[in-house]
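Everything on this sheet refers to the single structure shown next.
The values are calculated or read from the model by the stated rules, or taken from the named source; none is laboratory data. What you see is a predicted model, and the numbers here were worked out from it, not measured in a lab. Here the Cβ positions follow ideal geometry from the backbone for every residue, glycine too, while neighbour counts run over all protein chains shown.
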Amino acid sequence: MRGGAAAYAATLSVVAVLACENERKSIPRDKVEDGFAEILKSLQPTRTVFTVAKTMFKDAWNMRLNQAHREKEDIARQLRDAEKQIEPLLERIVEADNASVIKAYEGKIAKLEREKLLLAE
């Protein structure tokens, strides 16, 4: 066991010496920039990868666009429904004689009008 521990310690010493050799050494700026440019060029996608990614983004965009259209249609339907609910309430107010019933109808109409305003935004 002791021999194994000594070999491990020796390996660590070699790694430490190699790390220290490169410590505090500067690398010319041009060399770093040229190396970075080469790495960047190697990261450019192939035509196939680009085409697949473009298709995926278009599909995602179209899905989101369709969802937005559905949401818009749903809001328009809700606005129409609120409007349809208001009309009979107005007729009931005209026919009602009881003040508390009229007040209840007015409250419901006010609630529907607020809902319409929220939907219109």
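Results, tabulated for the structure shown:
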read-out: Residue count for segment 59-83, restricted to those that are charged (D, E, K, R) and in contact (Cβ under 8 Å) with a residue 24 or more places away in the chain; value: 1
read-out: Residues of segment 70-121 satisfying the condition of being among the hydroxyl-bearing types (Ser, Thr, Tyr) and surrounded by 11 or more Cβ atoms within 10 Å (Cβ to Cβ); value: 105
read-out: Filter result for residue 2 (surrounded by fewer than 10 Cβ atoms within 10 Å (Cβ to Cβ) and modelled with pLDDT of 85 or more); value: no
